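A short write-up of the structure that comes next.
The values are calculated or read from the model by the stated rules, or taken from the named source; none is laboratory data. Since the structure is predicted, the reported quantities are computational estimates derived from the model, not experimental observations. Note: ideal-geometry Cβ built from the backbone for every residue, glycine included; neighbour counts use all protein chains shown.
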Amino acid sequence: MKTYVALLVLTLSLGAFARADEIEFATLPQPIQMTVVRETHIPSASAVTRVIRQAGGIYAVTVRQDEGTRVVYVNESGTIVQAPGSTITTTTTTEPTQQRVITYEQVQQDLPRYQLIKKEHNKEIYLDRQTGQKVKVERKD
């Protein structure tokens, strides 16, 4: 039992150590917050998933958007800058998102928009070409 407790304490300590360089978005200076909101068009600070202060006073702000996750690099004066060590200003990556559920009739009404990815019995998964997200259809035959 003591081994399990020690392992749990070690795991929690490492997790806290790994997050030591993360900062709360609300504690950032106002010019940085305003630039991130203006650049990413987020409705509120709840869309910010991570803020890390990097060398040279540059903040890497990760924002959750409909099309994925975006990292914006901002200096202390609130100016968008290039990612340290690269020539890219911002990076957009796609992460798995929760599937949206639509009706079979919606798919049939706009066939060019949806591409069938997977079909199992009465369940179908489509790619919504307009949003890039996967949608789920349960047919009731």
Among the residues of the stretch 103-141, the number that are in contact with a Lys or Arg (Cβ under 8 Å, 6 or more places away or on another chain) and not aliphatic (A, V, I, L, M) is 17
Over the stretch 111-141, the set of residues touching a helix residue (DSSP H, G or I) at 6+ places or on another chain (Cβ under 7 Å) and among the acidic types (Asp, Glu) is ASP128
I need every pair where a residue in the stretch 127-141 that is closer than 13 Å to GLN108 by Cα has its Cβ under 8 Å from the Cβ of a residue that is aliphatic (A, V, I, L, M) and in a strand (DSSP E or B), sequence separation at least 6 or different chains.
ASP128/VAL135; VAL137/VAL101; VAL137/ILE125
Can you name the helices (runs of 4 or more DSSP H) wholly within the stretch 1-116 that have at least 2 residues being at pLDDT 75 or above?
30-40, 104-109
